[in-house]
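First the structure, in the form of structure tokens, and then the observations on it.
What follows draws every value from the coordinates through simple rules; no lab data is involved. This one's a predicted model, so the numbers in the text were calculated from it and none came from an experiment. Heads up, the Cβs are rebuilt from the backbone with ideal geometry, glycines too, and the neighbour counts pull from every protein chain shown.
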Amino acid sequence: MFRYQYITSDQLTGFDKYKYSAVDTNPISVYVMQHVWNKVVQIVPLWIAPNTLTFSGFLLIIVNYILLCYYDWDYSASGIYNQHIPNWIWISAALGNFFAYALDSIDGKHARRTQSSSPLGELFDHGLDSWTASIFPLSLFSIFGCHSGEAGLTPSMTVVYILTAIVGVETFHKPVFPHVYMHDFLITFLVGCSLLIALPQTVYNIAIAYRQKTLLKSSIYEGLLPLFSPTILFILLTVWTIFSPCKILDQQPRLFLWMVGVLFSNVTCRVIICQMSNTRSEALHWHLYPLALVVGLAVSGYLGTLEELTFCAVTFFATAAHIHYGVCVGKQLSEHFHIYVFSLKKRYAD
């Protein structure tokens, strides 16, 4: 069941040549947090595998998400006249968020400390990060409601959870200024960071790589190829939400956003593998073909009353396929490098 070979022989060859070269230039990380994590990682027993730390942090995020699903399935609990989520959930979310952030920050350090760094470990870390990147904001929607803004992946989310436990969700629904709410500040902050920090930094890094002739792809087409699938996926999902006859996003907001996160995570993981193995990215992810068919049938009205049921089936299939992909890739790389995913013991070559 989990023996399918998703990674090609060319990609395996590329993984053999891969060397980690990322540099953290975030001032807060360099001058503050790195010193903290250097101390924290010394507490971790040497027999624990780095991937165990990574996966433990991911499970903390999943547990928090499941708790919020139970108390607020449709993102309506923060409404004025609805029963609010208990305060202990926000304390639990704050602690889970903090410890998940800590574990994600020390797993690489622990790998170098135990001399167990490998492409598998880095892919495992990035792959789970690509999934949690969607689960984080999905949890924040329970604070601001399904019609509010979302927040990004920062440790300050822990502060938001703590504040929610102290002042209650009602505070975030009161205007800070006339007709200006807290979620308006969050949206402005996210857009501002993207346009003023992330985008200029990305362009700068590309320019530096171009001058130093370290770009992996020489043509613009090859460089933009990894963007094709995410762009088409975004268009398909946007079309579904706008033209859905049953208003699928209103009917199943949590499940729809979960499906969005799963699909984008799977596309991202495949791009990461191509980048790490220095192989050509696929132009179109195979998930796009059945998704395009379903979206076409839904928005044209052919599914009728079966649209919501079909959507649930698509979400289940996408989640199962993503889990299958992750497990199979992990097994394939662990066998290729003669290591175990969650143990520091070495495999014997077959």
Between region 1-72 and region 278-317, the alpha-carbon center distance in angstrom
30
Roughly how many nanometres apart are two label points built 7 Å out from the Cα toward the Cβ at residue 242 and residue 317?
2.5
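Let's see if you can work this out: charge +1 on each Lys and Arg Cβ, -1 on each Asp and Glu Cβ, no other charges. What is the dipole magnitude of region 1-128 about its Cα centre, in debye to the nearest 20? Don't skip to the answer; put the middle values down first.
Working: 7 positive and 9 negative charges, 92 e Å.
Here the size comes out at about 440 debye.
Just flag the trypsin sites (Lys or Arg not before Pro) in region 1-78 sitting in loop per DSSP whose Cβ has no more than 13 other Cβ atoms within 10 Å. Intermediate results must be reported in sequence, preceding the final value.
Values: sites: 3, 17, 19, 39; in loops: 3, 17, 19.
When the trypsin sites (Lys or Arg not before Pro) of region 1-78 are filtered for loop state and at most 13 Cβ neighbours within 10 Å, 3, 17, 19 remain.
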Residue by residue through region 268-281, what is 3J(HN,Hα) from phi via Karplus (6.51 cos²θ - 1.76 cosθ + 1.60, θ = phi - 60°)? Round to whole Hz and write x for glycine and proline.
4, 4, 5, 5, 4, 4, 5, 5, 5, 8, 6, 10, 6, 6
Report the one residue of 291, 251, 231 whose Cα lies farthest in the direction of the positive end of the charge dipole of region 229-350 (charges on C-beta: Lys and Arg +1, Asp and Glu -1; origin at the Cα centre).
231
Non-local amide H neighbours of residue 339 (under 5 Å, H modeled in plane, Pro and chain starts lacking H): which ones?
347
Roughly how many whole Å is it from the C-alpha centroid of region 230-255 to that of region 94-130?
33
